Structures are given as structure tokens and as C-alpha cells.
1. List the aspartates and glutamates whose Cα sits under 17 Å from the Cα of Lys209, skipping any in the same chain fewer than 8 residues away.
2. So, taking all protein chains as they sit and a 1.4 Å probe, how much accessible area belongs to Cys262, in Å² rounded to tens?
3. What nm value, rounded to one decimal, do you get for the distance between Ala228 and Asp313 when each label is placed 7 Å out toward the C-beta?
4. Hey, any idea what the orientation-averaged projected area of the convex hull of region 101-198's Cα atoms comes to, in nm²?
5. For the charge dipole of the chain, defined by +1 on Lys and Arg C-beta atoms and -1 on Asp and Glu C-beta atoms about the Cα centroid, which residue among Trp48, Leu327, Met236 has the Cα displaced farthest towards the positive pole?
6. Taking the Cα atoms only, what angle lies between the long axis of helix 173-188 and the longest principal axis of the chain, rounded to 10 degrees?
7. Tell me the Kirkwood radius of the chain: reciprocal of the mean inverse pair distance over distinct alpha-carbon atoms, in Å.
8. Using the structure shown, select from Lys53/Lys130; Lys81/Lys147; Lys130/Lys161; Lys53/Lys161; Lys17/Lys130; Lys53/Lys81 the pairs with a Cα to Cα distance greater than 23 angstrom.
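The values are calculated or read from the model by the stated rules, or taken from the named source; none is laboratory data. Every value quoted in this text rests on a predicted model; they were computed, and no experiment measured them. Virtual Cβ from ideal backbone geometry, glycine too; neighbours counted across all protein chains shown. Note: accessible area is taken over every heavy atom of the protein model, side chains too, but ligands, DNA and RNA are not part of it. Shrake-Rupley method; radii C 1.70, N 1.55, O 1.52, S 1.80 Å.
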Amino acid sequence: MSDGTATVEDLDVRLEKHRVELTGYCYRMLGSSFEAEDAVQDTLVRAWRSYDKFEGRSSMRSWLYRIATNVCLDMLTAGNKRARPVDLTDSTPLAQAALTPRPDNTWLEPMPDARVLPTVADPAEAAVAKESVRLAFMAALQQLPPKQRAVLILREVLAWKASEVAELLGTTVASVNSALQRARATLAESDSAAARAATSDPLDEEQQKLLERYVAAFEGYDMTALTALLHEDAVMTMPPFDLWLTGPEDITGFMTTLGAPCANSHLVPVAVNGLPGFAQYKPDPETGGYTAWAVQVLETSEGRITGFHCFLDTKRWFPLFGLPLNLEEEADKSE
């Protein structure tokens with residue numbers, strides 16, 4: 001059936017096929033899980049309403065990306081750049097640790113892989129897609145002006161031709177190439193954490209064993225075992241708090257003081273931001289079960305954990321991952 005004669009049902013199906021990749025694009029543009037999903041919904045509604053004006057001069061995919069880009073650029077006019085705690089403050093020694101929250105719109109937000117990474121047959125293409133939603137790369141993207149951000153994502157991540165990007169943005173190939181060059185230069189100067197986080201796709205045997213050791217150490221709250229898994233420069237963050245800690249001594253020191261109620265937690269694996277992660281459930285003394293506490297995102301390199309990021313706004317994150325806010329006692333692993 002041609003674009004011009006699509007039925008209502010056919011159009012719904014055809015638009016919906018693009019939802020995951022559009023969500024990935026909007027997420028990279030906006031740095032927010034929920035804003036990305038709002039942007040995609042707005043994109044699909046606009047496409048539906050203006051479909052009679054779409055004359056098939058470009059592919060439906062290109063047309064949808066043009067709409068999505070305009071939606072995102074409109075949303076970014078406020079100038080807010082989402083960030084990680086490491087982008088905003090200096091590392092805090094444990095002795096000076098204070099849990100100071102910042103507003104939700106400050107933070108780069110986690111995102112389930114399934115919502116932003118379409119299934120693709122090419123392993124290399126899949127690897128690029130995963131790398132492009134990792135926290136360090138996402139944080140670097142947020143430093144770019146909105147149009148440079150769009151150019152870099154379309155050219156480097158989605159492999160569009162310069163001429164296609166120029167047409168989408170209503171500009172020239174020379175302008176696109178110039179924007180891409182400036183964007184690459186900015187990213188090259190950004191935090192080296194992106195280079196340090198070298199997670200294989202899929203996880204290799206060494207990384208799988210590292211995660212198994214991490215789960216055993218965390219659920220057992222064995223700080224000696226956890227210290228052995230942490231890189232000497234490992235970083236721990238806890239949005240919405242701007243506090244971040246560096247090194248095994250301060251991280252484990254925090255976990256045994258302010259973080260002590262996390263002892264005997266239960267971890268459920270999740271795929272998040274192209275990285276291994278876990279939904280952490282903390283013991284609930286009132287029910288004898290477990291209650292949602294954090295989505296953990298782990299960065300690893302050379303057999304060690306380099307980043308340990310805990311997103312604490314569980315009433316938002318756990319439903320996004322399709323996870324319950326409470327677990328029964330039986331969820332605990334038998335000794």
C-alpha cells in the first residue's frame with residue numbers, strides 16, 4: 001500500500017514501527033527518559049495530523065526524523081543541559097559527604113535498552129548504538145549546542161549522509177560538515193571516562209564473572225570483596241544528590257555509614273544505557289520483603305568497576321523498567 005492510500009490502521013502500525021529508534025534519537029538529544037518519550041509521542045501525533053500533506057518526497061523515516069528533530073530543538077530552547085554529578089561539582093571526601101538534592105531536570109536520566117535500541121542484525125551497528133547511549137557519551141552530547149548535537153547523532157550514530165542531514169535541517173552540506181567538525185572537537189576534549197568504560201557487547205566471560213562477584217559482594221555487603229572489584233579511581237554517584245565519591249575507600253566507607261541500610265539488599269539484573277545494571281531492592285523491615293531503592297548502572301574496564309551510578313528516584317525509574325516497587329520475601333536468594 002502506498003503512502004498516499006494508507007488506511008488509519010495501516011498508518012498507526014507504520015508509525016509505531018519507528019517508535020524505538022525515534023525514542024533513542026530523542027533520548028540522545030534531550031538526556032531525559034521521560035522527555036524523550038513525550039517528544040516521540042508529540043512527533044507521532046504531528047505526523048498523524050499532517051499525514052495528508054506528506055507526499056512521499058522523502059521516506060517516512062526521514063520525515064519522522066525531521067519532525068522529531070524540530071520537536072527536540074523546540075524543547076531545548078530553554079537551554080538546560082542535563083548532567084552527571086561529576087560534571088557539576090568536585091569529588092567530595094567522605095568526611096565532608098552531604099546529601100544535597102538538585103531538581104530532577106538537572107540530571108541525565110537512565111533509560112532501559114529495550115526502549116531505545118532497536119533490534120539490528122549487524123553486530124557492529126548494535127555496538128555503536130549501545131556505545132551512543134552510555135552515560136559518559138550522553139553527558140558529552142549534552143555539552144553540544146542543540147543543532148551540533150543533532151548533526152553528530154545523525155551522522156556518527158545513525159550514519160546518515162551529510163546531504164541527508166542538510167536536507168533534514170534545511171541547511172547546506174558545508175554547514176553540516178562544519179557543525180560535525182566542531183562537535184567532534186568538543187567531544188574529543190570531554191571527560192576521558194568514555195574511553196575508560198570499555199564494556200564488550202555482548203559481555204565476555206571475564207565481565208560476566210565480574211558482575212557475578214559484584215552481586216555476591218553487594219548482596220553480602222562484603223566490603224573487602226567489593227574493594228577488590230573497584231578500580232582505584234572508581235566513581236560513585238547518586239542522583240538526585242550532587243555528591244560523588246572517588247576511590248574504593250570512600251565508596252565502601254559511605255556504604256558502611258550513610259549507606260548502611262542497603263545491607264542485605266537484593267539485586268535484579270537490568271539492561272540500561274548500553275551497560276550492565278541492577279535494580280536494587282532494600283530490605284523492608286515492615287513487610288519482611290524488599291522495597292525499590294535504586295537503579296544501579298555499572299561502568300567496567302579491564303576487569304574492574306570504574307563507575308557505580310545509583311539513580312534513586314525509584315517511583316519513576318522502576319515502572320520505566322517494568323519492575324515492581326516491592327518484592328516478597330521469597331525473592332531473596334537462599335544461602
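1. The qualifying aspartates and glutamates are Asp201, Glu219, Asp222, Glu299, Glu302.
2. My reading of the accessible area for Cys262 is about 20 Å².
3. Spacing of the two 7 Å Cα→Cβ label points: 3.8 nm.
4. With every direction weighted equally, the projected area is 7.7 nm².
5. Of the candidates, Trp48 comes out farthest on the positive side.
6. Between helix and principal axis, roughly 10 degrees.
7. Values: mean 1/r = 0.0469 Å⁻¹.
For the chain, inverting the mean 1/r across all distinct Cα pairs yields 21.3 Å.
8. Working: Lys53/Lys130 35 Å; Lys81/Lys147 14 Å; Lys130/Lys161 21 Å; Lys53/Lys161 25 Å; Lys17/Lys130 20 Å; Lys53/Lys81 34 Å.
Checking Cα-Cα distances, Lys53/Lys130; Lys53/Lys161; Lys53/Lys81 exceed 23 Å.
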